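Encoded as structure tokens, here's the structure I'll be asking about.
The values are calculated or read from the model by the stated rules, or taken from the named source; none is laboratory data. Remember, it's a predicted structure, so these values are computed and weren't measured experimentally. Note that each Cβ is placed from the backbone with ideal geometry, even for glycine, and that neighbours are counted across all protein chains shown.
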Amino acid sequence: MRIGILGGTFDPIHNGHLAIAEEARGYLNLTEVLFLPSGQPWMKSERTISPVNHRIEMIKLAIKGKPFFTLSTIETDQQRPSYSVDTVAKLKAQSAAATVLYFILGWDSLAMLPRWKEPSKLIEMCFLVAIPRPGYSRPDMKKLEAEIPGVSKKVILLDKPRIDISATEIRDKVAQGLSIGRLVPGAVALYIKENGLYRKQ
């Protein structure tokens with residue numbers, strides 16, 4: 001099996017996330033793509049994140065009817081900060097020996113890889129699939145290789161999709177009473193409205 005891993009806060013999940021997952025799935029011929037909402041992401045501790053139950057429900061709505069997309073609560077089930085290396089290790093332990101894991105991340109996140117927990121161990125367990133992010137240049141692989149030897153053999157750089165959608169933008173639009181219909185699946189937009197998410201307090 002070839003399994004893609006797409007982690008994030010998904011606050012909320014949006015059409016960009018779905019496009020990224022579909023591009024990676026098609027390009028790499030993945031068996032499935034796991035959507036992994038983070039419980040307590042260590043790099044986003046400065047902002048209040050919506051309760052896990054809302055973020056999980058929005059993912060369920062967004063991937064409903066998409067047979068290659070699956071929700072995994074491996075990170076939200078734990079009560080401590082989540083690190084990618086630990087998550088991938090758990091997934092690898094749960095998978096068949098022949099399973100190949102592909103960790104999907106943005107160009108910006110790849111550039112920050114040396115700051116991650118045990119990056120050398122991470123690339124031993126999976127391939128990194130780097131997707132473009134608006135406003136960020138293609139990662140300098142020579143620099144990364146100097147800091148994490150062997151990384152260039154485990155990175156797959158994609159040039160698309162180039163999608164300029166951010167969860168921050170969506171939250172801001174909701175707070176201003178603006179439409180988000182083109183940014184998120186219809187069922188997710190309805191869920192946000194019905195549950196009063198992202199409104200000004």
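Does at least one position in region 115-136 carry a residue that is out of contact with any Pro (no Cβ under 8 Å at 6 or more places or on another chain), in a strand (DSSP E or B) and β-branched (Val, Ile, Thr)?
yes
Okay, residues lined up against (1) under 14 Å from the mean Cα position of the chain (by Cα); (2) surrounded by fewer than 18 Cβ atoms within 10 Å (Cβ to Cβ):
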residue	(1), (2)
64	no, yes
70	yes, yes
77	no, yes
88	yes, no
92	no, yes
97	no, yes
103	yes, no
108	yes, yes
114	no, yes
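When you go through 61, 34 one by one, which is the residue that is at pLDDT 95 or above and not in a helix (DSSP H, G or I)?
On the way: 61 fails: not in a helix (DSSP H, G or I).
Selected residue: 34, the only one of 61, 34 that is at pLDDT 95 or above and not in a helix (DSSP H, G or I).
Separate question: Among the residues of region 46-68, are any farther than 23 Å from residue 144 by Cα, in contact with an Asp or Glu (Cβ under 7 Å, 6 or more places away or on another chain) and among the aromatic types (Phe, Trp, Tyr)?
Yes, region 46-68 contains a residue that is farther than 23 Å from residue 144 by Cα, in contact with an Asp or Glu (Cβ under 7 Å, 6 or more places away or on another chain) and among the aromatic types (Phe, Trp, Tyr).
Additional query: When you go through (1) surrounded by 14 or more Cβ atoms within 10 Å (Cβ to Cβ); (2) more than 16 Å from residue 11 (Cβ to Cβ) one by one for residue 152, which number turns out not to apply?
(1)
Let me confirm something: among 139, 161, which residue is out of contact with any Lys or Arg (no Cβ under 6 Å at 6 or more places or on another chain) and buried (at least 18 other Cβ atoms within 10 Å of the Cβ)?
Numbers: 161 fails: buried (at least 18 other Cβ atoms within 10 Å of the Cβ).
Result: 139 is the single residue among 139, 161 that is out of contact with any Lys or Arg (no Cβ under 6 Å at 6 or more places or on another chain) and buried (at least 18 other Cβ atoms within 10 Å of the Cβ).
Oh, and also: When region 180-201 is examined, which residues are found to be assigned to a helix (DSSP H, G or I) and either surrounded by 13 or more Cβ atoms within 10 Å (Cβ to Cβ) or of a type in the set (A, V, I, L, M, F, W, C) (or both)?
Listed by number, the residues that qualify are 187, 188, 189, 190, 191, 192, 193.
Checking the condition basic (Lys, Arg) and at pLDDT 95 or above, which residue from 55, 47 passes?
Testing whether each residue is basic (Lys, Arg) and at pLDDT 95 or above leaves just 55.
Here is a follow-up. Of the residues that sit in region 148-179 and are in a strand (DSSP E or B) and free of Cβ contacts under 8 Å to residues at least 60 places away in the same chain, which one is farthest from residue 113 (Cα to Cα)?
157
Sticking with this one: Checking the structure you have, find out if any residue of region 163-184 is of a type in the set (Val, Ile, Thr), over 21 Å from residue 108 (Cβ atoms) and in contact with a His (Cβ under 9 Å, 6 or more places away or on another chain). Spell out how you get there, then give the answer.
Quick first cut of region 163-184, residues of a type in the set (Val, Ile, Thr) only: 163, 165, 168, 170, 174, 180, 184.
Subsequent filtering for residues that are over 21 Å from residue 108 (Cβ atoms) retains 174, 180, 184.
Then keep just the ones that are in contact with a His (Cβ under 9 Å, 6 or more places away or on another chain); that gives 180, 184.
Checked against the condition, which is being of a type in the set (Val, Ile, Thr), over 21 Å from residue 108 (Cβ atoms) and in contact with a His (Cβ under 9 Å, 6 or more places away or on another chain), region 163-184 yields at least one hit.
In region 86-98, is there at least one residue being without any contact (Cβ under 8 Å) to a residue 12 or more places away in the chain and among the hydrophobic types (A, V, I, L, M, F, W, C)?
Yes, there is a match, as at least one residue in region 86-98 is without any contact (Cβ under 8 Å) to a residue 12 or more places away in the chain and among the hydrophobic types (A, V, I, L, M, F, W, C).
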